[in-house]
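Below is one structure; the comments refer to it alone.
The values are calculated or read from the model by the stated rules, or taken from the named source; none is laboratory data. Just so we're clear, the structure is a prediction, and the values are computed from it rather than from any experiment. Virtual Cβ from ideal backbone geometry, glycine too; neighbours counted across all protein chains shown. What goes into the accessible areas is simple: the full protein's heavy atoms, side chains included, and nothing from ligands, DNA or RNA. Shrake-Rupley method; radii C 1.70, N 1.55, O 1.52, S 1.80 Å.
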Amino acid sequence: MILIVLLLGVIEGITEFLPISSTGHLIVAGHLLGFTGPQAETFEIVIQLGAILAVVWEFRRHLFSVAAGALGLQPLAGSRELAVNLAIAFLPAAVAGALLHGAIKELLFGPVTVAWALVGGGVAMLAIEASAPRIRTTSLMEVPWRSALLIGLAQTVSLFPGVSRAAATIMGGMLAGLDRTTATQFSFYLAIPTMMAATVYDLSKSWSLLSRGDLAFLALGFAAAFVSALLAVRALVRYVSLYDFRPFAWYRIALGLATLWIFRD
């Protein structure tokens, strides 16, 4: 059990902020490891908090400055606009998630649906990269509110497991005219309220499924997710300054096809 917990924690941390779908990876890995059911789903929700904390920790200085600037406690150009933009981008998925969460979890949380989403998302990423959208915004502090809204609408697509919240928001940002680095940074920041809200919502419904004996496993998975997410975020920041997302797209397609083969009837 310890090895399963560590493995799932590392999978969550590595995949949460890469455009390859953490939910999809956890669903496929859970089925392969025989770790499924309500308790497994609750465990996966809890370890997401580790990944969220990694982003908060990595960008803590800038996040504090933005928060202080938005509240008028210190001068930071664009801080209030960024806070508003994050709120705008957060709302579409929050509303859609509240309305559709139950149906999505009941009907779509399976390896086959995830596999098709991985493949479809990979193809979409290749198409967006090939189209080379025109870059109009190169600073996180200068993202227009219309771009933020488009990113928020794109994020609603990621409610389908396997699409990837990171892929949807980064690709949405690129289509909205953000360069890769700015789109990736905006995706990181948007992940904080989005994932926090989803985690709190899920835990409010499923916390009773956990027992005191589960706390040690939860702490282990949480720590594994935190460390691996921190490394993944730092690596992705370096990567996007030099390369495009085509390798991630091909990885998604390969993983999706392999999953379809493994879980074929």
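With an 8 Å Cα cut-off and a minimum separation of 6 or more residues, compute the relative contact order for region 71-205 in percent. In percent, rounded to a whole number, it is 32. Helix 2-16 sits at what angle to the longest principal axis of the chain, using alpha carbons and giving 0 to 90 degrees rounded to 10? Helix 2-16 sits roughly 30 degrees off the main axis of the chain. Karplus-based coupling profile of region 84-95, in residue order and whole Hz: 5, 4, 5, 5, 4, 5, 6, 4, x, 5, 5, 5, with θ = phi - 60° in 6.51 cos²θ - 1.76 cosθ + 1.60 and x standing for Gly or Pro.
Which one, 203, 185, 241, projects farthest toward the positive side of the charge dipole computed for region 150-244 from Cβ point charges (K/R +1, D/E -1)? Ranked along the dipole, the leading option is 203.
Around the Cα centre of the chain, unit charges on the Cβ atoms of Lys, Arg, Asp and Glu (plus for the first two, minus for the last two) sum to a dipole of about 440 debye.
Between the listed residues 23, 68, 115, the Cα displaced farthest toward the positive end of the dipole of region 1-130, a dipole computed from Cβ unit charges relative to the Cα centre, is found at 68. Counting only protein heavy atoms and a 1.4 Å probe, the chain has 47 square angstrom of accessible area per residue.
What the Cα atoms of the chain give is an Rg and a Dmax of 17.9, 60 Å.
How big is the Rg/Rh ratio for region 135-197, C-alpha atoms only, Rh by Kirkwood, two decimals?
On the way: Rg = 10.6 Å, Rh = 11.3 Å.
On the Cα set of region 135-197, Rg over Rh gives 0.94.
Our estimate of slack between residue 56 and residue 258, defined as 0.36 nm per intervening residue step minus the Cα-Cα distance, is 69.3 nm.
Using the crude model of +1 on Lys and Arg Cβ and -1 on Asp and Glu Cβ, and no other charge, please compute the dipole size for region 42-132 relative to its Cα centre, in debye to 20.
Details: 4 positive and 5 negative charges, 51 e Å.
That gives a dipole near 240 debye.
Annotation: residue 158 carries an accessible surface of approximately 30 Å², with a 1.4 Å probe and no ligand, DNA or RNA atoms counted.
Across the alpha-carbon atoms of region 179-265, the computed radius of gyration and Dmax are 17.4, 47 angstrom. Taking 0.36 nm per residue of separation and subtracting the current Cα-Cα distance, fully stretching the chain between residue 99 and residue 65 would add 8.8 nm.
Extent along the principal axes, Cα only, for region 1-51: 25, 19, 19 Å, with the longest axis given first. In the chain, the calculated helix contribution to ellipticity at 222 nm averages -26000 deg cm²/dmol per residue, counting -39,500 (n - 2.57) for every DSSP H run with n ≥ 4.
If I compute solvent accessible area with a 1.4 Å probe over the protein chains, what percent of it on region 43-146 is carbon and sulfur? Walk me through the numbers on the way to the answer.
On the way: 3820 of 5560 Å².
Of the solvent-accessible surface of region 43-146, carbon and sulfur hold 69 percent.
Since only 232, 33, 131 are under comparison, the one whose Cα sits farthest along the positive direction of the charge dipole of the chain, derived from C-beta charges on Lys, Arg, Asp and Glu, is 131.
Quick one: if the Förster radius is 35 Å, what FRET efficiency do residue 87 and residue 238 give, using the C-beta to C-beta distance and rounding to 0.05? Efficiency, from the Cβ-Cβ distance: 0.75. So what is log10(I(q)/I(0)) for region 1-124 at q = 0.22 1/Å, when the Debye sum runs over its Cα atoms only? These q points yield log10 I(q)/I(0) values of -1.31.
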